[in-house]
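First up is the structure itself, then whatever we jot down about it.
The values are calculated or read from the model by the stated rules, or taken from the named source; none is laboratory data. Keep in mind that what you see is a predicted model, and the values were worked out from it rather than measured. Quick reminder, even Gly has a Cβ in these numbers, built from the backbone with ideal geometry, and neighbours come from all protein chains shown.
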Amino acid sequence: MNEHRITQLLDEAVYYENHRMWLHAIQIYQRLIHEVPEEWNYRVRLGTVYLEMGNLQAAEQVLLQALRYDAENPEVLYALGLACYQSGDLDRALFYLQQLAGKGIPKVHYSLGLIFWRRSDFESAERHFRMALDFQPDHADAALALGETCLRLGKTKTAVDALRRASMLSPGDDAVEQTLGQALAADGQWNSATVEFQRILTRSPENDDALHALAGAYVALKRFDEAEQLLKQALLRPPKQARTLILLGRLALVKSNRGRAESYFRDALDADPENEEALEQLRYFTPNGNHSS
C-alpha cells in the first residue's frame, strides 16, 4: 500500500471517528494494521476507538500489542492506563501511568490524581493535580479537581484559590461556580458565597442546588427573611422537595414558630418518607418518637 493510499485511509478513519461511526473506523484501522503491522500508532488509534465504544477488553488487547513494538511509548502507556482506569483496575492503571510520571505530561498527572482520589489518597491526588496545572496552566479540569481535593482536605483558602482559577478558565460553568461557592462558605466567606450562588441562579433559575445553597448562606448571615422568601418561591415549583421544607422548618424554629416548623417537617416526610432529617426533627414534636399524623 503506497503512502498516498495510507493518508486517504487515515483521513477516512478520522472522519468516522469525528462522526462517532466507530465500526467503520475500526475496519479501516484494522486494515492499516494488517498492511503496516510495525506502525504502533494505528493500534493506539484503534485502542482509543474501542475505549470510546466502552469495549475495554478489546482496547487493552490491541494496546498491549502496540506495546510490543515500543515498550516505552508514552501514548501507548497512557492509553493502557486509561483503559485500566475505566475498567476499574486502579492498580494496573497506576502501573502504566507511573511509568510516565517523570515526563511532565499534564494528562498523565491529571489521571494519576483521579486514581489517587478514587483510592481516598487525597494528599497524593492534590500533588498530581498541582503538577498537571504546573505543566498546563489552562487545564480547567485539573483546577476544579484541585479545588475539590483541597476542600476535602479542609484546605479551604487553597480550595478557593484553585476554584477561582477554574472559574476563570471555564466561565459560566454552573458546576464550577457551585463548588466555588461551597468553598467560600466553608472558608466563612458567606457574602462572597452568596454572590456565586446568585450568579448561577441569574443564569439558571431552575438550579435547585444553587437555590438551597443560597438559602443556607442567607441563614448563616442571619438574613432570615430573604432565605424564607427564596425557599417559598422554590415551593411553587413542583414537586415539593424535602430539603426545601426542612430548611423552612428550621427557619420557623429560629422564629420560635414551633407549630409552623412541625408542619413543614411533616410535609417534608410526606415528600420523602425515608428522610432521616425530617424523622429526627419530628422526634421533638411527637410523644415517644411517634411520627404518625
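Computed values, structure above
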read-out: Near pairs, Cβ below 8 angstrom, 6+ apart or cross-chain, from the stretch 186-204 (on the phi < 0 side of the Ramachandran plot) to any residue that is loosely packed, with under 15 Cβ neighbours inside 10 Å and basic (Lys, Arg); value: Asp187/Lys157
read-out: Failed item, numbered, when Ser204 is tested on (1) buried (at least 18 other Cβ atoms within 10 Å of the Cβ); (2) closer than 28 Å to Pro171 by Cα; (3) of a type in the set (Gly, Ala, Ser); value: (1)
read-out: Residue in the stretch 197-207 that is aromatic (Phe, Trp, Tyr) and within 20 Å of the chain's Cα centre (by Cα) present; value: yes
read-out: Any chance Leu146 is assigned to a helix (DSSP H, G or I), touching a Gly at 6+ places or on another chain (Cβ under 6 Å) and either more than 18 Å from Asn207 (Cα to Cα) or not assigned by TED's automatic domain parsing to the domain that holds Ala213 (or both); value: no
read-out: Single match in Glu274, Glu280 (criterion: part of a helix (DSSP H, G or I) and surrounded by fewer than 19 Cβ atoms within 10 Å (Cβ to Cβ)); value: Glu280
read-out: Of the criteria (1) small (Gly, Ala, Ser); (2) touching a residue at least 12 places away in the same chain (Cβ under 8 Å); (3) closer than 24 Å to Glu123 by Cα, which one Gly102 fails; value: (2)
read-out: 1 or more residues farther than 20 Å from Thr149 by Cα: qualifying helices (runs of 4 or more DSSP H) within the stretch 82-137; value: 90-97
read-out: Index of the failed condition, Leu231 passing every other in (1) under 29 Å from the mean Cα position of the chain (by Cα); (2) under 30 Å from Lys155 (Cβ atoms); value: (2)
read-out: Candidate set from the stretch 201-239 (those that are in a loop (DSSP other than H, G, I, E, B) and among the basic types (Lys, Arg)); member that is farthest from Ala185 (Cα to Cα); value: Arg237
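Condition check ((1) at pLDDT 90 or above; (2) of a type in the set (Val, Ile, Thr); (3) surrounded by 21 or more Cβ atoms within 10 Å (Cβ to Cβ)) across all residues:
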site: Tyr69; (1), (2), (3): no, no, no
site: Leu94; (1), (2), (3): yes, no, no
site: Gly104; (1), (2), (3): yes, no, no
site: Trp117; (1), (2), (3): yes, no, no
site: Asp121; (1), (2), (3): yes, no, no
site: Arg127; (1), (2), (3): yes, no, no
site: Ala145; (1), (2), (3): yes, no, yes
